[in-house]
Every structure is written in structure tokens, then in C-alpha cells.
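Q: Structure provided below as C-alpha cells; questions to follow.
The values are calculated or read from the model by the stated rules, or taken from the named source; none is laboratory data. As the structure is a prediction and not an experimental result, all values here were calculated from the model. Here the Cβ positions follow ideal geometry from the backbone for every residue, glycine too, while neighbour counts run over all protein chains shown. Each accessible area value is taken on the protein alone, full model and side chains, heavy atoms only, with ligands, DNA and RNA left out. Shrake-Rupley method; radii C 1.70, N 1.55, O 1.52, S 1.80 Å.
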Amino acid sequence: MRTLAGGGPAYDAGPFVTFKDGGGNCPCLPQGEICYEDWDAGTTVTGYPPFNAFLTTTDGPATSMVLSLPTGIAVDPGGGKLYIASLSAVQSLDLVSQTLSSIVVSSAAAGGTCGIGIGGVPMSLALWPDGGLVLDLSSFGNIQGGPSAQVLSTVSLDGKLGLLAGHYQIDFQDGLASEAGFSGQARGFVQPFALVGLWVDPQGVVWVADVGNGRIRRISDDYVISVAGGGIYGDAEGPLATIDNPTGIVGDGHGNFWISDGAAVRAMDAQLNVTTLAGVRTEQGHIDGPGETARFQTIFSITRSADGMLYVIDGAFIGDENLAVGDFLTDFALYIRRIDPSGNVTTVAGNGAPSSAYADGPALHTAIDGFLIAVDPADKHVYFTAPFANRIRVLDLP
């Protein structure tokens, strides 16, 4: 386990805050008065919150540059670059020259009010098959566990943004992409960020793991449709299936998908039949082994290597929810787990220590501070964002 990028200070938020607009709503919108609430002092303050350490992003040599709460990560199909979404920017990391370059910088980092482009804070991202990115922009209500709405944006590699789907209202709605509603608010477990899982297939269809609405959504031809979840029958066909907390989705480009769903890894075929590959939705734990004898705590993200292996970041909140935000958001015991095509689960990184004790070193003997994960095309490296350490870290595969 080693650090690949980021040399700035670790996360230290100070006051426990939540963003509000002038109407007292949580979403951090580009219009209206932006204010924040100091939960420790019980006061509401006009102006931008004091996250100055977050709102700085720098380009240059990767391990000496500042990252600001990096969350989303994706690997270029050629294997030469990583793409990173953080609070203050979307950046590329050249893996050969080891340099960071900004694609788009948030208006907050540039001295504006909040977010980038159409007003959200960059969270998860995915690659278009022909270049460019799909970016999940959060209204940022959930940095402390509150409600949050999501807007999906397109980002060209020269920094041009466009609306793909969604609006900043917390709801569920299929239909025209611009009127669709998504929610990044997890149900029933502590989730450190408000985000939706994204994967784009070779035809350019965007697949969304909508955690707050418990559904898998598909976006194509400016239209959003729910294809699975919302049912009561557990493993079942499409809308009849129960999907509790889909935090991530990945596919093979041939109609097969894998979903990280709370304490289980689910599979969905081309006919939208949902089955459980490993774990049990209703039973948490940390047990390696085959299929439904394995146990997960909470799976935060999922990726798939070219050889068919799935990798997830799994763990549980172990802290005191009444602590200050800097403690609250770093007290997770996290692991990287590998699931083979038959459902056998193996822990490959993490020792269960609090994520605030992260360090480089032997994979099974160090703490993990990471929530979103990606694997390179050559199956040699697993990359993950360590948001509260403000770093990108890498697990070298044997």
C-alpha cells in the first residue's frame, strides 16, 4: 500500500457544519444567499464556510500537490491516467510523469460561491467510452449525513460542462433527463458522502446506482428509467427485486452488471434479473469465504478488473456520532475485498484499525482511508481515494 498523489494536510474541518441556501434548504445552490450552520455553536452564518484547506487545489508533481477531499476516481482505458473528482476540482493524474493537472476548478476554489458549473460539488465520476467524463454533482447536504440531491453532468477533457440529468431537488422521478430526480442519501447506514454510483457502457448508456432511492437507473437518449429495485422480493426480476443501498455499479459491456448493495454484492443479467453473488443483504460482518457464507459490513464502492475480479471497499463506522466532524468522518474500519466470478471473497487490504490511522506499508497490516475505488486495465493496481487524508493511494496487485 502506498501513496500515489497528495501531499497536503489531512482533513480537519473544525466546526460541524451543514450548507444551506437563503431559503434555509440544505442544497448548496449557485443562486441565492449561501450560508452555513455551525452545529457546535448553534448559529447560522452568512458567507462561505471556513473550509479554506479544502478550497485549494494545486497542479504539479503528484506527491507534493494539494488535493481537497478527493472522492471520485476513474482510470483511463489506456492505463496512463487517473481522473479524480474532489471538492475543489476535477483533475487528471498522469501516471507516467506523476503530475496533476486541473480539468475544471470549482467556483469556490476560484473565490466564488459554491461548486462547479451548474452549482454542485464533484463527487463520483465515470468515463465516456470516447473520452470525457460523467460527473456526479452533489448538493452537499450529506457531508454530515443530511439529505442531498444529485445532478449528473458531462465534462469534456478541455473543461466544458453540460447537464446530463437531474435537478437539485431531493426526490425520485423517471422521465425526461432534465426533470429526473436522484438522491445520494443512503438509508440505514452511516455514509460519509452524498453520491450516486456511475458506470458508462461501451454504447454510451449511463447506469446509475441511486442509493437514496434504492434503484438502478439507466440514462440514454435524454431519458431516465428505473430498471431494477423498488420491489419486495429480494432476488427477482428488475423492478420486483429489493435493492437496499446500491452504492456502486459496474458492468462487463456485454449486459452483465454487479452492484454493491449494503452488505451484499448483487449481480444483474441482461434480462435485468437480480441475484446475490456474495454476502447477505440483512446480515453484516467480516467473513471471507464463498458466496452467501461471506459477510460484509457496508460496501461503499465496487470496480471490476479485466480478468473478471470484483474489488470493493467495505467497512463500518466505529466512531461516536456526537464527536466533531473531523473525528466523525475518519472513524471507519475499512477493507479492500476481492470477489472472484464464483463469489469467493478474500480480504486483500486493511487491518480494521480506524481509518484515521492510515499509513503506507504492507496491505494487510495498515489502515485504509478510502471509499471510492478503481482498477487499472492491466490488473496490476487498485487505486482508491483517501478523502480525509487528501490523498490518492494504490494497492499493488501480485
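Q: Among the numbered conditions (1) open to solvent by 20 Å² or more (accessible area, probe 1.4 Å); (2) modelled with pLDDT of 95 or more; (3) in contact with a Gly (Cβ under 8 Å, 6 or more places away or on another chain), tell me where residue 338 comes up short.
A: So residue 338 meets the others, but not (3).
Q: Look at region 270-323 and say how many of its residues are farther than 20 Å from residue 348 by Cβ and open to solvent by less than 40 Å² (accessible area, probe 1.4 Å). Walk me through how you get there before you give the answer.
A: Filtering region 270-323 for residues farther than 20 Å from residue 348 by Cβ gives 270-276, 280-283, 292, 317-323.
Now restrict to residues that are open to solvent by less than 40 Å² (accessible area, probe 1.4 Å): 272, 274, 276, 280, 319.
Qualifying residue count for the region: 5.
Q: Restricting attention to region 182-213, which residues are of a type in the set (Asp, Glu) and modelled with pLDDT under 95? Steps first, answer last, please.
A: We begin by selecting, within region 182-213, every residue of a type in the set (Asp, Glu); these are 201, 210.
Hit for region 182-213 is 210, nothing else.
Q: Hey, among the residues in region 215-248 that are closer than 18 Å to residue 126 by Cα and among the hydroxyl-bearing types (Ser, Thr, Tyr), which one's surrounded by the most Cβ atoms within 10 Å (Cβ to Cβ)?
A: Top of the filtered list is 247.
Q: Oh, and also: In region 208-237, what count of residues is obtained for those that are without any contact (Cβ under 8 Å) to a residue 24 or more places away in the chain, part of a strand (DSSP E or B) and among the hydroxyl-bearing types (Ser, Thr, Tyr)?
A: Total meeting the criteria: 1.
Q: Applying the selection to region 59-85, what residues are more than 23 Å from residue 306 (Cα to Cα) and acidic (Asp, Glu)?
A: Within region 59-85, just 59 meets the criteria.
Q: For region 228-247, does any single residue satisfy the condition of being β-branched (Val, Ile, Thr) and within 21 Å of residue 128 (Cβ to Cβ)?
A: no
Q: Still on this model: Residue 372: of a type in the set (A, V, I, L, M) and open to solvent by 60 Å² or more (accessible area, probe 1.4 Å), yes or no?
A: no
Q: Filtering region 72-88 down to residues that are part of a loop (DSSP other than H, G, I, E, B), open to solvent by less than 30 Å² (accessible area, probe 1.4 Å) and within 16 Å of residue 101 (Cβ to Cβ), which residue is modelled with the lowest pLDDT?
A: 88
Q: List the number of the failed condition for residue 128; all other conditions in (1) surrounded by fewer than 20 Cβ atoms within 10 Å (Cβ to Cβ); (2) at pLDDT below 85 hold.
A: With respect to (1) surrounded by fewer than 20 Cβ atoms within 10 Å (Cβ to Cβ); (2) at pLDDT below 85, residue 128 is out only on (2).
Q: Looking at (1) assigned to a strand (DSSP E or B); (2) surrounded by fewer than 19 Cβ atoms within 10 Å (Cβ to Cβ); (3) at pLDDT below 80; (4) not charged (D, E, K, R), can you tell me which one residue 36 breaks?
A: (2)
Q: Here's another thing I want to ask about it. Limited to region 258-269, what total is found for residues that are open to solvent by 10 Å² or more (accessible area, probe 1.4 Å) and in a strand (DSSP E or B)?
A: 2
Q: Of all residues being at positive phi and at pLDDT below 60 in region 131-152, which is least open to solvent (accessible area, probe 1.4 Å)? Just the residue, please. Spell out the reasoning first.
A: As a first pass, look at region 131-152 and keep what is at positive phi: 131-132, 140, 145.
Okay, now just the ones that are also at pLDDT below 60, so 140, 145.
Details: 140: 2, 145: 41 Å².
Within region 131-152, the match that is least open to solvent (accessible area, probe 1.4 Å) is 140.
Q: Let me ask something else about it. Does any residue of region 214-227 turn out to be modelled with pLDDT of 90 or more and within 16 Å of residue 301 (Cβ to Cβ)?
A: yes
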